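Engineer: For reference, the structure I am asking about is given below.
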Amino acid sequence: MRILVVSDLHGNAPALRAILERERFDLALNAGDLVDYGPFPAECVRWSMSHCAYTVRGNHDHGVAQNVEVVGDHGYRYLTRIARPFMWPDLGPRERRYLLELPLTLRIDLDGLRILMVHGTPRDPLDEYVMGLVEPWTARLRDYKDIDLAIVGHTHHQFLLDLGEKRVLNPGSVGQPRDGDPRAAYAIIEDGCIQLHRVEYPIEQTLAGYEALGLPEKANQLFRESLTHGRLSPPPRVPTESSPQALPAMPPSGES
Ligand SMILES: [Fe+2]
């Protein structure tokens, strides 16, 4: 069985289409965050509804479905605040209900693999932000004795982590990579073998979608930077008395 694994589509339909044009697969898994940021949320939600056998809820799916307004003037939080109002009119009642009812975690058996799916971590399915590091993932999965593979998203960083008896796969972000590689990220599982992939896509199509929304110029510039560089510049550093060399103004958590 050939399994496509995606996460963090974030309304970037041209990136999703590039993956679908390249790959043939028997089944698709989706680790959440279908919406927010990107200009084509409905297409991404409908694809997941019709083609993903299993999908878990991301923090942005939850925020959009629950009408959560976002506060923030910097970085990705600013972009969420600006773009979220455009999510609601694009999504019909059926798509919103789908987001609302997505499970927080899933435990499935596929092709001989015992799989746990969660967007963030088992401790905090929506919001905890853990990169591809052995120690924190070993702790998060210590009580999950009956799994071979955890499939996660949220960080927008692609990794495959070997913990010995189990592995952790983050396929990366389809629609908004943040690891410095702007190509759409995904993974393929076939016969127990996991491969990480990247594919170029027509970024200009996504940027044209933003132009059509009539967003503020600051937002258009940040979206362009994010999509063309695969990350945003670091937030402004603010000197403090206790740390004269400066601290980051925004933590990474809650932004993805
Ligand atoms: Fe995300």
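The values are calculated or read from the model by the stated rules, or taken from the named source; none is laboratory data. Predicted, not measured: the structure shown is a model, and the values here were computed from it. In this analysis, Cβ positions are derived from the backbone assuming ideal geometry, glycine residues included, and neighbour counts consider all displayed protein chains. The accessibility values were calculated without ligands, DNA or RNA, using every heavy atom of the protein model including side chains. Shrake-Rupley method; radii C 1.70, N 1.55, O 1.52, S 1.80 Å.
Engineer: Take every DSSP beta bridge whose two residues both sit in region 93-212, then give the antiparallel share in percent to the nearest 5. Spell out each step's value before the answer.
Structural biologist: Working: 17 of 23 bridges.
DSSP beta bridges in region 93-212 are roughly 75 percent antiparallel.
Engineer: Right, next: Report, in cubic angstrom per residue, the convex hull volume of the C-alpha atoms of region 164-206.
Structural biologist: Details: hull volume 3.3 nm³, N = 43.
About 78 Å³ per residue, rounded to a whole number.
Engineer: Still on this structure: About the Cα centre of the chain, how large is the charge dipole given +1 on each Lys and Arg Cβ and -1 on each Asp and Glu Cβ? Please answer in debye to the nearest 20.
Structural biologist: On the way: 27 positive and 35 negative charges, 34 e Å.
In total the dipole reaches around 160 debye.
Engineer: Any number yet on Rg/Rh for region 1-79, C-alpha, Kirkwood?
Structural biologist: Working: Rg = 13.3 Å, Rh = 13.2 Å.
Rounded to two decimals, Rg/Rh equals 1.01.
Engineer: Calculate the translational D of region 66-214 in whole µm² s⁻¹ from Stokes-Einstein, where the hydrodynamic radius comes from the Kirkwood formula applied to all Cα pairs, the temperature is 25 °C and the viscosity 0.890 mPa s.
Structural biologist: Here the translational diffusion coefficient equals 141 µm²/s.
Engineer: Based on DSSP H runs of at least 4 residues, each adding -39500 (n - 2.57), what is the mean residue ellipticity at 222 nm of the chain after dividing by all its residues, to the nearest 500 deg cm²/dmol?
Structural biologist: -10000 deg cm²/dmol
Engineer: Quick one: of the DSSP bridges fully inside region 2-122, what percent are antiparallel, nearest 5?
Structural biologist: 45 percent
Engineer: What figure, in Å² to the nearest 10, do you get for the accessible area of Asp111 with a 1.4 Å probe and non-protein molecules left out?
Structural biologist: Asp111 has an accessible surface of roughly 70 Å² with all protein chains in place.
Engineer: Indicate, rounded to the nearest 5 percent, the antiparallel portion of the DSSP beta bridges found entirely in the chain.
Structural biologist: About 65 percent, rounded to the nearest 5.
Engineer: If the chain between Glu225 and Asp181 were fully stretched, how many nm would it gain, using 0.36 nm times the residue separation less the Cα-Cα distance? Working shown, then result.
Structural biologist: Details: separation 44, 0.36 × 44 = 15.84 nm, distance 1.20 nm.
That works out to 14.6 nm of additional length.
Engineer: Just from the alpha-carbon atoms, what are the Rg and Dmax of region 77-156 in angstroms?
Structural biologist: 15.7, 43
Engineer: Rg (Å, one decimal) plus Dmax (Å, integer) for the alpha carbons of the chain?
Structural biologist: Calculated on Cα positions, Rg and Dmax stand at 17.7, 58 Å.
Engineer: Any idea what Rg and Dmax come out to for region 41-98 if you just take the C-alpha atoms, in Å?
Structural biologist: Cα only, region 41-98: 12.1, 37 Å (Rg, Dmax).
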